[in-house]
Amino acid sequence: WCHDGGRTIGWELALQYEVAQSTREHPALLDRLFVQVGGGALASCAWSGAADQANVPMLHAVQAEGCAPLVRAWQRANSLAGGVAAAGAHWRECMVPWESEPASLADGILDDETYDWLPVLEAMDDGHGAPVVVGEPHVLEANDLALRVAGVDASHTGSAGLAGLLALRADVRPDERVAVVLSGIRR
């Protein structure tokens, strides 16, 4: 059920974007998807749904500075013979929990391990995406922006995907179609 719920988010993102932006001559397809990552299920499932469209979007899995076990796994997997496809056979080498307890306002993504890391790595690899590490300034800026511009009173965890977009904004072309998952209300 969790996976179906996550995939539904991806299907809805793709459908809503397509309906809002498409013309008969030019269908709109997502280029990038930014999702906050703790355990990884939300990112892998949302990407899976979004990837059901005609093109495969880049997945950017966003983690907080000081707690980025997925980033380390991505780097180690890409250094293996066989790359990401070989990562599962090298679990202990790739997925290493953080050494000391991290702190972030985006505390909901401070998981010691990214439990669903293999599907997230595969999704980033399939879509030519990459993980993003965000510092607290981007976490704060994204949360403020979500409320001020979109009217979404998300928690800092829920707006961490937007923090990833802010961190990569210089690399995103103006013509790219980007989606960000905003989830989790401020409590």
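The values are calculated or read from the model by the stated rules, or taken from the named source; none is laboratory data. These figures come from a predicted structure and were not determined experimentally. Because the Cβ atoms are built from the backbone with ideal geometry, glycine has one as well, and the counts that use them run over all protein chains shown. SASA here: full protein model, heavy atoms, side chains in, ligands and nucleic acids out. Shrake-Rupley method; radii C 1.70, N 1.55, O 1.52, S 1.80 Å.
Is it the case that VAL71 is open to solvent by 10 Å² or more (accessible area, probe 1.4 Å) and closer than 14 Å to GLY38 by Cβ? Spell out how you get there, then give the answer.
On the way: open to solvent by 10 Å² or more (accessible area, probe 1.4 Å): yes; closer than 14 Å to GLY38 by Cβ: yes.
Considered against the rule, which asks whether it is open to solvent by 10 Å² or more (accessible area, probe 1.4 Å) and closer than 14 Å to GLY38 by Cβ, VAL71 comes out as yes.
Report the residue count in region 74-92 for those that are closer than 28 Å to GLU136 by Cα, of a type outside the set (S, T, N, Q) and open to solvent by 10 Å² or more (accessible area, probe 1.4 Å).
2
Sort out which residues of region 93-108 are in a helix (DSSP H, G or I) and either open to solvent by less than 90 Å² (accessible area, probe 1.4 Å) or under 30 Å from ARG186 (Cα atoms) (or both), and write them in order of number.
Matches in region 93-108: CYS94, ASP107, GLY108.
Give me the pairs, please: first residue somewhere in region 123-138 and in contact (Cβ under 8 Å) with a residue 12 or more places away in the chain and part of a loop (DSSP other than H, G, I, E, B), second residue anywhere and open to solvent by less than 30 Å² (accessible area, probe 1.4 Å) and of a type in the set (Val, Ile, Thr), beta-carbon distance under 6 Å, and either six or more positions apart or on two chains.
PRO131/VAL71
Starting from region 61-86, keep only residues that are modelled with pLDDT of 95 or more, then list their pairs with residues that are part of a helix (DSSP H, G or I) and of a type in the set (Ser, Thr, Tyr) whose Cβ atoms are within a distance under 9 Å, requiring at least 6 positions of separation or different chains.
Taking only residues 6 or more apart or on different chains, the pairs are ALA61/SER44.
Please state which one of LEU140, LEU168 is surrounded by 13 or more Cβ atoms within 10 Å (Cβ to Cβ) and touching a strand residue (DSSP E or B) at 6+ places or on another chain (Cβ under 7 Å).
LEU168
Taking the residues in region 109-122 that are assigned to a helix (DSSP H, G or I) and among the hydrophobic types (A, V, I, L, M, F, W, C) as candidates, determine which candidate is surrounded by the fewest Cβ atoms within 10 Å (Cβ to Cβ).
Residues of region 109-122 assigned to a helix (DSSP H, G or I): 109, 117-122.
Checking which are among the hydrophobic types (A, V, I, L, M, F, W, C) leaves us with 109, 117-118, 120-121.
Working: ILE109: 28, TRP117: 26, LEU118: 19, VAL120: 28, LEU121: 28.
Residue satisfying both the conditions and the ranking: LEU118.
Got a sec? Which of LEU80, LEU145, LEU105, LEU165 is among the aliphatic types (A, V, I, L, M) and under 21 Å from GLY49 (Cβ atoms)?
The match here is LEU165.
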